[in-house]
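Colleague: This is the structure I have questions about; it appears just below.
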Amino acid sequence: MYALHCGPLPVGTFAVMPSTGLPGQDQLRIELSGASANDDGQQLADLINEFSTIRCPQSLGEFRQLFKDLQTPAGPLARFVFVQSQLTTTDEGAEIRAWLRAWPDSRYAEIRNELRSAVDSLPDARITFAGEPFPAMVCSPELSAAAAHLRGVLGAHAVTVQHAAFPFNGEDFALFVQRVPGAMFILGVANPDAGHNGIPHSPDFAADEHAIGVGVRSMAGVSVKPNQPPFVNSNICP
């Protein structure tokens, strides 16, 4: 099974993610009561935030460094935790809601144990988790090897390999690849010269629609049987 997702790569290029992909997510809620609820809530919120090993890029330079790290084997993103939390305090008590993305998935159990220990040390605090953590999307290395076909069609420099998971987004395709071997490819849709940033979910998202033909023809070529001639030809780029 293959999936194709647009991304802020140059139009006409791809990225593949063998043995990696996108992180899952865990969600938790902590309720506190009693006279020290607000102070205890702040301390717990600080503790949760300290689990975060990365932050969202704040500048173009930081974005460029992030994409460099994604392409670095055993680099800074080989293991990470990204945390978002919200502390609400009232006269009656306090509440913390937190969302965590981690890689690898085994990190979630470790974090849960540490948080339970911290909360159990407070007499008027209770922690609950929203079921089991949502799983990471891990792409099949065998299916990701279709990158060789894409390079043969689009050129040697048209396909980059991501060796780490992009930390800030998840993907429900993760549930599919738990049942059927699968891989997701990232299709470049960015064209800064034409004002297309290619960043999914951004308020000013714009895509170069020339990428549609590239994606359709390339994935059709990936899908044919190995003993058939490739559907794609070398003239698909505008």
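Colleague: Step by step: first the residues of the range 1-11, then only those that are within 18 Å of S223 (Cα to Cα) and not hydrophobic (A, V, I, L, M, F, W, C), then the one that is least open to solvent (accessible area, probe 1.4 Å). Which residue is that? Show your work before the answer.
Modeller: If we filter the range 1-11 for residues that are within 18 Å of S223 (Cα to Cα), which is where we start, we get 1-5.
Right, trim to not hydrophobic (A, V, I, L, M, F, W, C) and you get 2, 5.
Numbers: Y2: 77, H5: 58 Å².
Result: H5.
Colleague: List the pairs whose first member sits in the range 65-86 and is among the polar types (S, T, N, Q) and in a helix (DSSP H, G or I), whose second member is modelled with pLDDT of 95 or more and loosely packed, with under 15 Cβ neighbours inside 10 Å, and whose Cβ atoms are under 6 Å apart, counting only residues at least 6 apart or on separate chains?
Modeller: none
Colleague: If you don't mind, another one. Which of the residues that make up the range 103-137 are touching a Lys or Arg at 6+ places or on another chain (Cβ under 8 Å), closer than 30 Å to F176 by Cβ and in a strand (DSSP E or B)?
Modeller: Within the range 103-137, the subset touching a Lys or Arg at 6+ places or on another chain (Cβ under 8 Å) is 103-104, 107, 119, 127-130.
Remaining after also requiring closer than 30 Å to F176 by Cβ: 103-104, 107, 128-130.
Within the range 103-137, W103, T128, F129 meet the criteria.
Colleague: Here is a check on your reading of the model: is S85 touching a Lys or Arg at 6+ places or on another chain (Cβ under 9 Å), open to solvent by 20 Å² or more (accessible area, probe 1.4 Å), polar (S, T, N, Q) and farther than 26 Å from V189 by Cβ?
Modeller: Values: touching a Lys or Arg at 6+ places or on another chain (Cβ under 9 Å): yes; open to solvent by 20 Å² or more (accessible area, probe 1.4 Å): yes; polar (S, T, N, Q): yes; farther than 26 Å from V189 by Cβ: yes.
The answer is yes for S85.
Colleague: Could you check A174 against (1) open to solvent by 20 Å² or more (accessible area, probe 1.4 Å); (2) out of contact with any Leu (no Cβ under 6 Å at 6 or more places or on another chain) and say which number it fails?
Modeller: All conditions pass for A174, except number (1).
Colleague: Out of (1) closer than 30 Å to L28 by Cα; (2) part of a loop (DSSP other than H, G, I, E, B), the odd one out for H157 is which?
Modeller: (1)
Colleague: Give the residues of the range 23-44 that are of a type outside the set (D, E, K, R), under 18 Å from V83 (Cα atoms), in contact with a strand residue (DSSP E or B) (Cβ under 7 Å, 6 or more places away or on another chain) and open to solvent by 40 Å² or more (accessible area, probe 1.4 Å), sorted by residue number. Walk me through it before giving the result.
Modeller: Taking the range 23-44 as the starting set, the residues that turn out to be of a type outside the set (D, E, K, R) are 23-25, 27-28, 30, 32-38, 41-44.
After this cut, where a residue has to be under 18 Å from V83 (Cα atoms) as well, the list is 23-25, 27-28, 30, 41-44.
Filter once more, so that each one left must be in contact with a strand residue (DSSP E or B) (Cβ under 7 Å, 6 or more places away or on another chain): 23-25, 27-28, 30, 41-42, 44.
Across the range 23-44, the qualifying residues are Q25, Q27, Q42.
Colleague: I'd like the full set of residues that are assigned to a strand (DSSP E or B) and either within 22 Å of A145 (Cα to Cα) or open to solvent by 30 Å² or more (accessible area, probe 1.4 Å) (or both), limited to the range 190-219. So that I can check it myself, show each step before the final result.
Modeller: Taking the range 190-219 first, the residues assigned to a strand (DSSP E or B) are 190-191, 196.
Once the filter is applied, which keeps residues that are assigned to a strand (DSSP E or B) and either within 22 Å of A145 (Cα to Cα) or open to solvent by 30 Å² or more (accessible area, probe 1.4 Å) (or both), the range 190-219 yields N191, H196.
The values are calculated or read from the model by the stated rules, or taken from the named source; none is laboratory data. This structure is a prediction, so every number in the text was calculated from the model and none was measured. Please note: Cβ atoms are built from the backbone with ideal geometry, for glycine as well, and neighbour counts cover all protein chains shown. Keep in mind that these areas ignore ligands, DNA and RNA; they rest on the heavy atoms of the full protein, side chains included. Shrake-Rupley method; radii C 1.70, N 1.55, O 1.52, S 1.80 Å.
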